[in-house]
Amino acid sequence: MIEHAELGLLDGFERALINDRLHLVYQPKVSLSDGRLCRLEALVRWDDPELGTVPPSRFVPLAERHGLIDHLTRWGIDTAFSQWRAWRDAGIDCGLAFNISALSLEALDFPDLVEAKCKDHGVPAEKLVLELTESATQPLVRLMDTLTRFRIKGIGLAIDDFGTGYSSLMQLRQLPFSELKIDQFFVADAAHSKDSRVIVEAIVGLAKGLGLVTTAEGVETDAQLQLMRDLEVDIAQGYRVARPLAADRLAPWMTEWEVDWAALTA
């Protein structure tokens, strides 16, 4: 039985989906070798006129519990892909990251759906990375075929929040990921904790040995950014680089970031 509070939230979310009241923001990810924009992570937001701002940590599990996650995922993919094409037409060429629920992977045709969306919107498959949280990797092992089909199609797979959750090194070896995202706790702590720094170094070494790209999540200070560069992390993401941006703020941010990066590396 659905509790009254959850029922009200569910009704509001269904209305938001139907009436197109959701929107996406995009957080830049930059290469730590040269500062260039390499990818944008699409993040869904819900600002409700009655409920206020509802965080994804509330409405995504709600969508999973009540059979709305596929609707949300398809809306998000269409919206993000359309925006990527507009950026490309404006001369901005970068990759796109999109978060998906492990529940979506249970549909055998999900890789074909994503590939078809890529073709419909003119997004090269190799420009796309799908992100999954590490806590989801236990059930993902049984979905090996689905994940492998994504990689065969040229679509990247990133394991989010690496260093927390429940995955083992054996599961990491089994699953066809192309990228590890180092959990922000270790990124923030590494600047003043030897233990966290050693963990980041170990993750980077592990990733390099497996041929995987590394991304530092939650980079918020100059010191953290420089340390991640020193530790040879490939990509940085976080408020020091940029907060999640509205689509029309990307071009101005790129101009500002170019100057900022030059100052940081002078």
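Some observations on this one:
- Scanning region 207-244 for residues that are touching a strand residue (DSSP E or B) at 6+ places or on another chain (Cβ under 9 Å), surrounded by fewer than 16 Cβ atoms within 10 Å (Cβ to Cβ) and hydrophobic (A, V, I, L, M, F, W, C) returns a single hit, Leu210.
- Members of region 89-119 that are surrounded by fewer than 16 Cβ atoms within 10 Å (Cβ to Cβ) and either among the β-branched types (Val, Ile, Thr) or under 23 Å from Cys38 (Cα atoms) (or both): Asp89, Ala90, Gly91, Ile92, Asp93, Lys119
- All told, Asp78 falls short of being at pLDDT 90 or above, out of contact with any Ser or Thr (no Cβ under 9 Å at 6 or more places or on another chain), surrounded by fewer than 13 Cβ atoms within 10 Å (Cβ to Cβ) and closer than 27 Å to Ile155 by Cβ.
Residue-by-condition table, conditions (1) under 18 Å from the mean Cα position of the chain (by Cα); (2) among the charged types (D, E, K, R); (3) at positive phi:
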position: Ala190; (1), (2), (3): no, no, no
position: Ser193; (1), (2), (3): no, no, no
position: Glu201; (1), (2), (3): no, yes, no
position: Gly209; (1), (2), (3): no, no, no
position: Val233; (1), (2), (3): yes, no, no
position: Arg249; (1), (2), (3): no, yes, no
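- Scanning region 106-124 for residues that are among the aliphatic types (A, V, I, L, M), over 15 Å from Gly76 (Cβ atoms) and in a helix (DSSP H, G or I) returns a single hit, Ala116.
- Verdict on Thr53 being loosely packed, with under 14 Cβ neighbours inside 10 Å and of a type in the set (Val, Ile, Thr): yes
- Which numbered condition Thr255 fails, given (1) exposed (fewer than 13 other Cβ atoms within 10 Å of the Cβ); (2) over 15 Å from Gly35 (Cα atoms): (2)
- Near pairs, Cβ below 6 angstrom, 6+ apart or cross-chain, from region 232-247 (closer than 12 Å to Leu37 by Cα) to any residue that is among the hydrophobic types (A, V, I, L, M, F, W, C) and in a loop (DSSP other than H, G, I, E, B): Ala236/Leu32; Ala236/Val219
- Any hit, region 1-16, residues being among the charged types (D, E, K, R), at pLDDT below 95, surrounded by fewer than 20 Cβ atoms within 10 Å (Cβ to Cβ) and in a strand (DSSP E or B): no
- Pairs with Cβ under 6 Å, 6+ apart, first in region 21-42 and surrounded by fewer than 20 Cβ atoms within 10 Å (Cβ to Cβ) and part of a strand (DSSP E or B), second at pLDDT below 95 and among the small types (Gly, Ala, Ser): Leu22/Ala16
The values are calculated or read from the model by the stated rules, or taken from the named source; none is laboratory data. Everything numeric here is computed off the predicted structure, so don't read it as measured data. Cβ: placed from backbone, ideal geometry, glycine included. Neighbour counts: every protein chain shown.
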